[in-house]
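To keep things clear, I will list the structure first and then write my remarks on it.
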Amino acid sequence: MAHRDPPGIIAPHIPADAYRRAEATGQPVVIVVHTTDQSGRPLHHYLFPIVIAGAGVAGVFGLVAAFLALLDFAAQTATAVGGAAGTLGIGGITLRLARPKD
């Protein structure tokens, strides 16, 4: 009789002598698989919304940081332009953009 390996993906878990004995005598091989019942929801049902919310919060923080950097740059630019321009007059109304340094 030619040697044959047990079929399927569970074959390595069956002892070889038990399989060959069952094959030679024609007895069936009974495989008992112990499983545990899932009592609750899997973790990915909770993890996915938390990851999405975290990404949204990180995006909002990035937008706020970019907006504040833009405001800072605009304020510095206005100060530099006001200091260089001196007074600004349009139609008889003069506006001093920056106070002179004493």
(message) Every residue in the range 19-64 that is open to solvent by 100 Å² or more (accessible area, probe 1.4 Å) and aromatic (F, W, Y), please.
(response) Y46, F48, F61
(request) Could you please tell me which pairs satisfy a Cβ distance under 9 Å, a separation of 6+ or placement on different chains, a first residue in the range 25-45 that is touching a residue at least 12 places away in the same chain (Cβ under 8 Å), and a second residue that is hydroxyl-bearing (S, T, Y) and not in a loop (DSSP other than H, G, I, E, B)? (result) V29/Y19
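The values are calculated or read from the model by the stated rules, or taken from the named source; none is laboratory data. Just so you know, these numbers come straight off a predicted model, no measurement behind them. Note that each Cβ is placed from the backbone with ideal geometry, even for glycine, and that neighbours are counted across all protein chains shown. Areas reflect the complete protein model, heavy atoms only, side chains present, ligands, DNA and RNA absent. Shrake-Rupley method; radii C 1.70, N 1.55, O 1.52, S 1.80 Å.
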